[in-house]
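Taken together, the values in this text are just the output of simple stated rules run on the coordinates, not laboratory data. Since we're looking at a predicted model, the values are computed, not measured. Note: ideal-geometry Cβ built from the backbone for every residue, glycine included; neighbour counts use all protein chains shown.
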């Protein structure tokens, strides 16, 4: 049950990250990428900021770290999509 809650919260945060990136061209893909970014944020960003993951607790700092991870991964994906379109 905990993984289901994690996926739902990460999807909502992914949608927020997509809105902040101002790119709704591929909303479902963006949300999936953002969920992966949220997952990776739990492993890489949580120790840096000394904040737990959304698996530990649903607090504002954990949501912000998850959002930051989603934004970073979305920005990386968008960078590679744009460079591929130019080539």
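At-a-glance table
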| item | result |
| --- | --- |
| Spin-label pair residue 5/residue 44, simplified geometry with 7 Å Cα→Cβ offset, distance in nm | 2.7 nm |
| Nearest-ten-degree value, helix 60-86 long axis tilted from longest Cα axis of the chain | 20 degrees |
| Mean separation of Cα contacts under 8 Å (6+ apart) over length of the chain, as relative contact order % | 33 percent |
| Using alpha-carbon coordinates, inclination of helix 27-49 to the longest axis of the chain, degrees | 50 degrees |
| Overall Cα dimensions of the range 1-49 - principal axes, largest extent first, Å | 32, 27, 13 |
| Proxy reagent accessibility, fewest Cβ within 10 Å first, across 4, 71 | 4, 71 |
| Gaussian network model of the chain, springs between alpha carbon atoms under 10 Å - residue of 32, 48, 16 with greatest fluctuation | 48 |
| Relative counts (whole %) of C-alpha pair distances in the chain, using bins that are 10 Å wide | 19, 49, 25, 6, 1 |
| Nearest 10 degrees, 0 to 90: helix 2-21 Cα axis against the chain principal axis | 40 degrees |
